[in-house]
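Engineer: I am attaching a structure below and will ask some questions about it afterwards.
The values are calculated or read from the model by the stated rules, or taken from the named source; none is laboratory data. What you see is a predicted model; the values in this text were computed from it and never measured. Note that each Cβ is placed from the backbone with ideal geometry, even for glycine, and that neighbours are counted across all protein chains shown. These area figures cover heavy atoms from the full protein model, side chains too; ligands, DNA and RNA do not enter into them. Shrake-Rupley method; radii C 1.70, N 1.55, O 1.52, S 1.80 Å.
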Amino acid sequence: MADIWLMRHGAYEGQRPGHHAPYNAALTEEGHEQVRHALPLPDNITGIVTSPVPRARQTADLVAHLTGLPIVDTSRLLAEWRAPSSVLGRTSDACPPDYQSWRNRRLTEPSLRFEDAESLAELHTRAARCACFLRRTAHLHGSLLAVSHKLILGVLTHLHEGPTAFGTAAVAPWNFAEIRRFTSANM
């Protein structure tokens with residue numbers, strides 16, 4: 001059976017703790033260095049799949065360039081959690097009060113949505129579909145490196161927790177350009 005490895009993208013422009021990154025935030029030079037230092041990749045990886053979000057795609061492109069591995073697919077299933085548009089580019093303490101209220105209730109009511117955000121239940125469903133996509137793609141192409149984002153990677157690795165896996169993913173450390181093996185225990 002083919003292995004699946006998960007990699008968080010490198011550092012990006014404007015990054016700071018508690019910050020909801022804008023979609024188009026690009027990798028910084030530090031992010032490029034983090035990716036270079038993540039190499040060599042684990043043995044037997046034959047292809048890369050990536051989120052279409054620029055910071056992940058730039059990470060995948062750099063890995064492909066440095067290793068000669070092909071990018072075999074780009075999937076929205078690997079995109080970061082869709083935060084409400086009204087909070088993008090803001091830290092959580094600078095968000096509107098109604099967002100704070102939703103944020104305090106989202107783990108106990110995971111089907112609740114705020115504005116155009118993805119609910120935690122929707123995120124969990126997408127992560128489960130992503131796990132199937134990764135297994136199917138690995139079956140077709142061999143061992144994979146999936147380049148994505150902290151929250152979706154965290155939910156993927158804690159699928160067994162259900163929609164509240166977001167709570168674990170939000171606080172669990174996952175360093176920029178860190179690579180972890182995705183195992184059947186995660187699914």
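Engineer: Segment 4-45: which GluC sites (Glu not before Pro) are DSSP loop and have at most 16 other beta-carbon atoms within 10 angstrom?
Structural biologist: Counting only loop positions with at most 16 other Cβ atoms within 10 Å, the GluC sites (Glu not before Pro) in segment 4-45 are GLU13.
Engineer: Measuring from centroid to centroid over Cα atoms, what is the spacing of segment 60-125 and segment 147-173 in Å?
Structural biologist: 11 Å
Engineer: Let me ask another. Provide the three semi-axes, in whole Å and in decreasing order, of the ellipsoid equivalent to segment 72-150 as defined by the square roots of 5 times the Cα gyration tensor eigenvalues.
Structural biologist: On the way: eigenvalues 185, 38, 14 Å².
Whole-Å semi-axes of the equivalent ellipsoid: 30, 14, 8.
Engineer: Oh, and also: Please arrange GLU109, GLU178 by accessible surface area, largest first, computed with a 1.4 Å probe and ligands excluded.
Structural biologist: GLU109, GLU178
Engineer: Further question on the same structure: Could you pull out every whole DSSP H run in the chain that spans at least 18 Å of Cα extent along its own axis and averages -0.5 or higher on the Kyte-Doolittle scale?
Structural biologist: Values: long enough: 54-67 (19 Å, -0.36); 120-141 (30 Å, -0.02).
Span-like helices, by this rule, are 54-67, 120-141.
Engineer: Along segment 88-96, what does the Karplus equation 6.51 cos²θ - 1.76 cosθ + 1.60 (θ = phi - 60°) give for ³J(HN,Hα), rounded to whole Hz, x for Gly and Pro?
Structural biologist: 4, x, 10, 7, 4, 6, 9, 8, x
Engineer: What order do you get for 39-49, 158-168, 71-81 when each peptide is scored by the mean count of other beta carbon atoms within 10 Å, highest first?
Structural biologist: Values: 39-49: 15.6, 158-168: 17.2, 71-81: 18.7.
Top to bottom by mean Cβ count within 10 Å: 71-81, 158-168, 39-49.
Engineer: So if each residue of separation counts as 0.36 nm, and I subtract the Cα-Cα distance between LEU159 and SER111, what length gain in nm does that give?
Structural biologist: 15.7 nm
Engineer: What are the semi-axes of the equivalent ellipsoid of segment 1-96, taken as the square roots of 5 times the eigenvalues of the Cα gyration tensor, listed largest first and rounded to whole Å?
Structural biologist: Taking √(5λ) for each Cα gyration eigenvalue gives 27, 15, 11 Å.
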